[in-house]
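Inspection log for the structure reproduced underneath, given as structure tokens.
The values are calculated or read from the model by the stated rules, or taken from the named source; none is laboratory data. If you're wondering where the values come from, they're calculated on a predicted model, not measured in any experiment. Here the Cβ positions follow ideal geometry from the backbone for every residue, glycine too, while neighbour counts run over all protein chains shown. When the accessible area is computed, the model is the full protein with side chains, heavy atoms only, and any ligands, DNA or RNA have been set aside. Shrake-Rupley method; radii C 1.70, N 1.55, O 1.52, S 1.80 Å.
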Amino acid sequence: MSLNATGSPNSTSVDDLFPPNAVADKLLAGVLFLCMCVGIPGNLLSMLYFLHKKKRDLATCLYVAVCTVDLCTSFIHLPVMLAFFSDRKPVLFGYKRFCTGWSVIFTFQQQVSIFLVLLLSVTRTILIVRPFMSISKAGVIGALVTFATSKLVYELTLFLLGDYFGLYYTYSSAAVYCFYNVSKDPWSTVDEVLSAFILGVVPVGITISFIVSVTKI
């Protein structure tokens, strides 16, 4: 028995509830390896194709951004694959700073990817509803850069504060992922408020401002 996330005794940890399965782990590792083998060259070639297009319109810029994020996604699952191949031993996740840094980068690229899909959906919807309306490329890129910058500043601040106070992400063999120990974090409430603001208010505000500013009759 061990302490759970809330620190209460006499409780079973997540790692105890979900013991590893060697066959399933190797299968998952193989799937991740296949995704890397397909995703890395595929996204790289797609990115190079769009970068060499003579017409640099809005769609081309967004597709380049999507390919870049997806390329990073293909690389970032390497530590997870190694852990699955090693019977869920931490391997690279055994280093506290790497575990924390990996979680920060993973969260950042994941949420930028979601925001990119949001931008693509908004721009496609505008062009369908108002086919003769032009969309400012600078406005779209500005919205993406604003969100990515705010999210990056937040994640880096969280990482530096954790490093300063010695509050690192810890590896869980059940999830093959690094988690934040909220019970030991004196900034947990502030972290939750800022996270909700960055993930909720900022994207909505940027999207509304984007729709208002980039559409021209």
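Here are a few things to note about the model shown:
- Here the stretch 26-111 exposes an accessible surface that is 74 percent carbon and sulfur, computed with a 1.4 Å probe and the other protein chains kept in place.
- Nearest-0.05 FRET efficiency for Leu161 and Leu45, computed from C-beta distance (R0 45 Å): 0.70
- Cross-link pairs Lys53/Lys96; Lys96/Lys137; Lys55/Lys151 - those with Cα-Cα distance over 32 Å: Lys53/Lys96; Lys96/Lys137
- Taken along the Cα-to-beta-carbon direction at a fixed 7 Å, the label points for Leu127 and Leu92 span 3.6 nm.
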